[in-house]
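To start, the structure itself, in structure tokens.
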Amino acid sequence: MTQHTAIYRMQIFAIVWVGQLVSLIGSGLTSFALGVWVYQRTGSVTQFALISLSIILPSIVVAPIAGVFVDRWDRRQVMLIADGGAGLSTLAITILLFLGHLEIWHIYLATAVSSACKSIQMSAYTAVTTLLVPKEYLGRANGLVYLGQSLAQLLSPILAGVLVVTIQIQGVILLDFISFLVSLFTLLLVQFPQYEKTSTDIAEKSSVLHEAAYGWNYVTARPGLMGLMIFLTTTNFLISIVEVLVTPLVLSFASSTILGIVLSVGGSGMVFGSLAMSYWGGSQHHINNVFCFMLLSGLSVMVAGLRPEASLCALAAFLFFFSLPITNSSILVIFQKKVAPNVQGRVFTLTETVTMLFRPLAYIIAGPLADRIFEPLLAPGGLLVETVGQIIGVGQGRGVGLLFIVTGILTMLVTVVAFQYPPLRLVEKELPDAT
């Protein structure tokens, strides 16, 4: 790739990145506003929580098949179709809201459609990044992708809180639809480079299911990639357990205002981590980034449970979210370098499906683990009051704190064990880069 071509492709990436950033912020506005609307209308935590379920499940179900079409079709067209589908679902909600006919099930359905479209779009976006960005800059490019996500997570709730009051929920959702139009416009401005399809690719188009299975066969034939996917799935499951318990942990000793501050500090950590990755690009061996920053993530989770102190939780949140984009960007670089462009859609969506598959299970067991096992251990008269309780405290929320400590330690142990597996530790040396 000549220097002129590299610069031109990086410019294309920058244009697409801006469009996706606008779209992410718009989606964040709608997500916040619809959550408020559902809770205010129903007063039901269960119905509010079902929105999260309608986001996770469609992406798990659709991802394996989505990867097939990402590899089959022009990836720019896939992104246009996916963005268009998500935009239409938002427009439908806007119209129903203006007409006064919006029901709760409409929101679940629209959210599910939008989630499925975003799963397809993100797979194509990741695969396109490989074609646009030179290998030596993939770490920085992925850092920018996560910077966009972290900015959206940080800014959307703040903006939505103000806009819901000033232009009401109808105006917020309409802004989201406009953000989709911006994203579509940026995609229409550019053309993506194409990879050369092999005769094998053409022959395999006879069966969608066969193509979807090929992504699994591709990964299992490469022990380093398989080990990385298993490692990511395990740590993702562990961290998901405590993810839903952050609010109960902080509220057990502090106010909702303090909780907001802790979460904001965590969000700023993700921004700084994304900025660091965008500037630094990661070390020469990205697998070392994965191991080091996953250890830091586990340590952060453990620290959050040590004492009922807001400052300690804020520090832990900052370090955890600072590590997140560096870890995820480094994992993505490894897959982008080692997986052939013609199967990246299938491999990326397979990885997404497998790593997210156990998140619903983690959400389901987190509450019972805390309420029925860990909280009684450190309640007055509990089995660990005279031992562990003397170190981390006794009473409400200390069982959740203990669960954080155990989960953090398990995350670090899993990382150490993964480091002992040679195909994973040496994946960048032993597995050749794809052309």
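Considering A92, A66, A33, which residue is within 21 Å of the chain's Cα centre (by Cα), small (G, A, S) and under 25 Å from I173 (Cα atoms)?
On the way: A92 fails: within 21 Å of the chain's Cα centre (by Cα); A66 fails: under 25 Å from I173 (Cα atoms).
Exactly one of A92, A66, A33 is within 21 Å of the chain's Cα centre (by Cα), small (G, A, S) and under 25 Å from I173 (Cα atoms), namely A33.
Out of (1) under 18 Å from F291 (Cβ atoms); (2) among the small types (G, A, S); (3) touching a Lys or Arg at 6+ places or on another chain (Cβ under 7 Å), the odd one out for A434 is which?
Here A434 clears every test but (1).
Within segment 319-326, does at least one residue satisfy the condition of being in the same structural domain as G408 (by TED's automatic domain parsing), of a type in the set (S, T, N, Q) and within 30 Å of V262 (Cα to Cα)? Quick ask: steps written out before the conclusion?
Kept after step one, since they are in the same structural domain as G408 (by TED's automatic domain parsing), are these residues of segment 319-326: 319-326.
Still in the running and of a type in the set (S, T, N, Q): 323.
From what's left, within 30 Å of V262 (Cα to Cα): 323.
Scanning segment 319-326, I find at least one residue that is in the same structural domain as G408 (by TED's automatic domain parsing), of a type in the set (S, T, N, Q) and within 30 Å of V262 (Cα to Cα), so the answer is yes.
Please count how many residues of segment 75-132 are in contact with a Pro (Cβ under 8 Å, 6 or more places away or on another chain), under 20 Å from V18 (Cβ atoms) and not small (G, A, S). I'd like the intermediate steps shown before the answer.
We begin by selecting, within segment 75-132, every residue in contact with a Pro (Cβ under 8 Å, 6 or more places away or on another chain); these are 112-113, 115-116, 119, 127, 130-132.
If we keep only those that are under 20 Å from V18 (Cβ atoms) as well, we get 127, 130-132.
Still in the running and not small (G, A, S): 130-132.
Counting residues in segment 75-132 that are in contact with a Pro (Cβ under 8 Å, 6 or more places away or on another chain), under 20 Å from V18 (Cβ atoms) and not small (G, A, S) gives 3.
Which of the following residues is assigned to a helix (DSSP H, G or I), within 23 Å of L147 (Cα to Cα) and at pLDDT below 85: S264, S274, S268?
Details: S274 fails: at pLDDT below 85; S268 fails: at pLDDT below 85.
Step by step, each of S264, S274, S268 is checked, and only S264 is assigned to a helix (DSSP H, G or I), within 23 Å of L147 (Cα to Cα) and at pLDDT below 85.
Could you check how many residues of segment 224-257 are over 17 Å from T349 (Cα atoms) and either hydrophobic (A, V, I, L, M, F, W, C) or touching an Asp or Glu at 6+ places or on another chain (Cβ under 9 Å) (or both)?
14
Anything in segment 367-395 that is closer than 23 Å to S240 by Cβ and of a type in the set (S, T, N, Q)? List them, or say none.
none
From the list A116, A127, exactly one residue is closer than 21 Å to V38 by Cβ, touching a residue at least 24 places away in the same chain (Cβ under 8 Å) and within 23 Å of the chain's Cα centre (by Cα). Which is it? Give the steps one after another, and end with the answer.
Values: A127 fails: closer than 21 Å to V38 by Cβ.
After ruling out the rest, the residue left standing is A116.
Of the residues I392, I409, which single one is modelled with pLDDT of 90 or more, farther than 29 Å from T129 by Cβ and touching a Gly at 6+ places or on another chain (Cβ under 6 Å)?
Details: I409 fails: touching a Gly at 6+ places or on another chain (Cβ under 6 Å).
Selected residue: I392, the only one of I392, I409 that is modelled with pLDDT of 90 or more, farther than 29 Å from T129 by Cβ and touching a Gly at 6+ places or on another chain (Cβ under 6 Å).
Can you name every residue in segment 201-244 that is modelled with pLDDT under 85 and under 17 Å from F374 (Cα atoms)?
So the first thing to find is which residues in segment 201-244 are modelled with pLDDT under 85, and the list is 201-215, 243-244.
Correct list: E243, V244.
What number of residues within segment 80-118 satisfy the criterion of being surrounded by 23 or more Cβ atoms within 10 Å (Cβ to Cβ) and within 30 Å of A6 (Cα to Cα)?
Within segment 80-118, residues that are surrounded by 23 or more Cβ atoms within 10 Å (Cβ to Cβ) and within 30 Å of A6 (Cα to Cα) number 3.
Give the residue that is surrounded by the fewest Cβ atoms within 10 Å (Cβ to Cβ), with candidates limited to residues of segment 306-324 that are among the small types (G, A, S) and over 19 Å from Q153 (Cα atoms).
We begin by selecting, within segment 306-324, every residue among the small types (G, A, S); these are 310-311, 314, 316-317, 323.
Subset that is over 19 Å from Q153 (Cα atoms): 310-311.
Details: A310: 16, S311: 11.
The selected residue is S311.
Taking the condition in contact with a Phe, Trp or Tyr (Cβ under 7 Å, 6 or more places away or on another chain), at pLDDT 85 or above and part of a helix (DSSP H, G or I), does G87 pass?
The answer is yes for G87.
Can you give me the number of residues within segment 130-182 that are within 15 Å of the chain's Cα centre (by Cα) and either of a type in the set (G, A, S) or outside the structural domain of L80 (by TED's automatic domain parsing) (or both)?
Pass one, segment 130-182, residues within 15 Å of the chain's Cα centre (by Cα): 142-154.
Restricting the remaining residues to those that are either of a type in the set (G, A, S) or outside the structural domain of L80 (by TED's automatic domain parsing) (or both) gives 143, 148, 150, 152.
The total comes to 4.
Among (1) modelled with pLDDT of 85 or more; (2) of a type outside the set (S, T, Y); (3) farther than 17 Å from A14 by Cα, there is one condition R76 misses while meeting the rest; what is its number?
Single failed check for R76: (3).
What are the pairs, 6+ residues apart or on separate chains, where a residue within segment 11-32 that is in the same structural domain as S156 (by TED's automatic domain parsing) has its Cβ under 7 Å from a residue that is acidic (D, E) and buried (at least 21 other Cβ atoms within 10 Å of the Cβ)?
The qualifying pairs are S23/D83; G26/D176; S27/D176; L29/D176; T30/D176.
For L299, are the conditions met, namely being modelled with pLDDT under 90 and part of a helix (DSSP H, G or I)? Before you say what the answer is, go through the steps one by one.
On the way: modelled with pLDDT under 90: no; part of a helix (DSSP H, G or I): yes.
Here the answer is no, as L299 does not meet what is asked.
Mind checking which pairs have a first residue in segment 412-431 that is under 18 Å from F335 (Cα atoms) and outside the structural domain of L332 (by TED's automatic domain parsing) and a second that is of a type outside the set (S, T, Y) and part of a helix (DSSP H, G or I), Cβ under 6 Å, 6 or more apart or different chains?
none
Quick one: A418 ticks every box in (1) under 30 Å from V339 (Cα atoms); (2) surrounded by fewer than 18 Cβ atoms within 10 Å (Cβ to Cβ); (3) among the small types (G, A, S) except a single one, so which number is it?
(2)
Just one of (1) buried (at least 19 other Cβ atoms within 10 Å of the Cβ); (2) farther than 14 Å from G26 by Cβ; (3) modelled with pLDDT of 85 or more trips up M122, so point out which.
For M122, the failing item is (3).
Of the residues A127, A141, A110, which single one is touching a Lys or Arg at 6+ places or on another chain (Cβ under 8 Å) and not polar (S, T, N, Q)?
Details: A141 fails: touching a Lys or Arg at 6+ places or on another chain (Cβ under 8 Å); A110 fails: touching a Lys or Arg at 6+ places or on another chain (Cβ under 8 Å).
Within the list A127, A141, A110, the selection yields A127.
When both residues are 6+ apart or on different chains and their Cβ atoms are under 6 Å apart, which pairs have a first residue that lies in segment 353-372 and is more than 18 Å from N328 (Cβ to Cβ), and a second that is part of a helix (DSSP H, G or I) and not polar (S, T, N, Q)?
A366/I241; A370/V400; A370/L403
The values are calculated or read from the model by the stated rules, or taken from the named source; none is laboratory data. Just so it is clear, the structure is predicted and the values come from calculations on it, not from any experiment. Quick reminder, even Gly has a Cβ in these numbers, built from the backbone with ideal geometry, and neighbours come from all protein chains shown.
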